Amino acid sequence: MCWSRLCDALKGTLARKPGSLPEVAAEKGEPRASSQRTMAAPQASPAPTETAPENEQAGVLQDQVEASGVRLLTMTEQRRQISRANRLARYEQIIALHREGLSLRAIARHLRVSRKVAHRSVRAGIFPERVPTGTRQSKLDPHLPYLRRRWEEGCHNGSQLARELVAQGFRGSASLVRRLTGDWRAHLPGPAGRVRGKKRHASWLFVTDQQQLTADQRALIEGICHTHADLQDLYQLGQDFVQMVKQRQARRLDGWLARASQSSSVELRGFAAGIKRDYAAVKAALSLPWSQGQVEGQITRLKFLKRQMYGRAHFALLRSRVLRRA
């Protein structure tokens, strides 16, 4: 538990120093981050990808059908056709029963539809086709030509573009413009095959025994520590804490807390303050051979049983299941 919190503190410190993580080779096929809502970016279309072997047969069949002049329907189009056929059959049944003289209430009861559906079908005169819904309009639509022109001129700052649009009468929010430019920025070409290392991975290396690290991992740690002078002290504090816990050296706790409290890392100082609040428990954990792992395991088991039975049984069954394994 302490290691996890220490790693979170180290990760927070590394996040405030974006240049501390050296560039590493990007993994093949790793997608770039992008927001959910995208609009047409002023870039060329992405290059076509290779066809998977399992899709080759379907692709050949599709080509053959298209060559014959018949296009295969997609699953969405098939569902739409089935839905339309069902609605058409129901409409014809309503019209037939209405011509036989049945009332709308009787038609609705017989076909198990609402009176509103029966009334709308009778009044329509012809089968009412569903009107396709259009694309939702955005406040940015009138300004897209200007944004694309400024983007191609080299202005990729969303806040700056938002200020320019406000001067032209744009009444939307600046976050709307920033989301759009963020989507466009995700398609910009970056450094070929190079990305920044992950903060979570680096923080775990900070608390891993040096004997367990590979040569590449040691080189990564050295590169991180050389970027900022205080990161070397941070790494040493992490290593000292790990050795203190593994070797149960309770006498070193006070000295470590004093050094951590004077660290330049705000997150590490917060971690040390949390240990001071639970000083007696941490001191006992480093001094005594006992562990509360059994207690934590029983608590986890009790919570699992409660959630498994929630809303389906009473306390008597819960008591029996807990005591049966005790």
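The values are calculated or read from the model by the stated rules, or taken from the named source; none is laboratory data. The shown structure was predicted, so the numbers you read here are calculated from the model rather than taken from an experiment. With ideal geometry, Cβ positions are generated from the backbone for all residues, glycine too; neighbour counts draw on all protein chains shown.
The single residue among Ala52, Ala67, Ala44 that is modelled with pLDDT under 85 and within 30 Å of Arg179 (Cβ to Cβ) turns out to be Ala44.
Somewhere in the range 306-318, is a residue out of contact with any Pro (no Cβ under 9 Å at 6 or more places or on another chain), in the same structural domain as Leu10 (by TED's automatic domain parsing), hydrophobic (A, V, I, L, M, F, W, C) and buried (at least 16 other Cβ atoms within 10 Å of the Cβ)? Within the range 306-318 (the criterion being out of contact with any Pro (no Cβ under 9 Å at 6 or more places or on another chain), in the same structural domain as Leu10 (by TED's automatic domain parsing), hydrophobic (A, V, I, L, M, F, W, C) and buried (at least 16 other Cβ atoms within 10 Å of the Cβ)), the answer is no, since none of the residues qualifies. Scanning the range 208-242 for residues being more than 20 Å from Lys276 (Cβ to Cβ) and either in a loop (DSSP other than H, G, I, E, B) or not hydrophobic (A, V, I, L, M, F, W, C) (or both) gives a total of 20.
As a summary of the residue check, Val282 satisfies the conditions (1) modelled with pLDDT under 85; (2) touching a Cys at 6+ places or on another chain (Cβ under 8 Å) except for the one numbered (1). Quick check on the range 130-138. Is at least one of its residues charged (D, E, K, R), loosely packed, with under 13 Cβ neighbours inside 10 Å, out of contact with any strand residue (DSSP E or B) (no Cβ under 7 Å at 6 or more places or on another chain) and modelled with pLDDT of 85 or more? Scanning the range 130-138, I find no residue that is charged (D, E, K, R), loosely packed, with under 13 Cβ neighbours inside 10 Å, out of contact with any strand residue (DSSP E or B) (no Cβ under 7 Å at 6 or more places or on another chain) and modelled with pLDDT of 85 or more, so the answer is no. Within the range 173-194, being in a loop (DSSP other than H, G, I, E, B) and either touching a His at 6+ places or on another chain (Cβ under 8 Å) or at pLDDT 85 or above (or both) holds for Ser173, Leu188.
Among the residues here, Leu268 qualifies as touching a residue at least 60 places away in the same chain (Cβ under 8 Å), in a helix (DSSP H, G or I) and touching a helix residue (DSSP H, G or I) at 6+ places or on another chain (Cβ under 9 Å).
Under the condition of being under 36 Å from the mean Cα position of the chain (by Cα), polar (S, T, N, Q) and over 30 Å from Arg251 (Cα atoms), the residues counted in the range 282-320 number 3.
Out of Tyr91, Tyr146, one residue alone is of a type in the set (Ser, Thr, Tyr), surrounded by 10 or more Cβ atoms within 10 Å (Cβ to Cβ) and over 30 Å from Arg185 (Cβ atoms). It is Tyr91.
Every condition in (1) farther than 27 Å from Leu213 by Cβ; (2) in a helix (DSSP H, G or I) holds for Gly311 except the one numbered (2). Scan the range 212-231 residue by residue and report those that are surrounded by fewer than 16 Cβ atoms within 10 Å (Cβ to Cβ) and of a type in the set (A, V, I, L, M, F, W, C). Selection gives Leu213, Ala215, Ala219, Ala229. In summary, Ala108 fulfils each of the numbered conditions (1) under 30 Å from Arg80 (Cα atoms); (2) touching a Ser or Thr at 6+ places or on another chain (Cβ under 7 Å); (3) assigned to a loop (DSSP other than H, G, I, E, B) with the single exception of condition (3).
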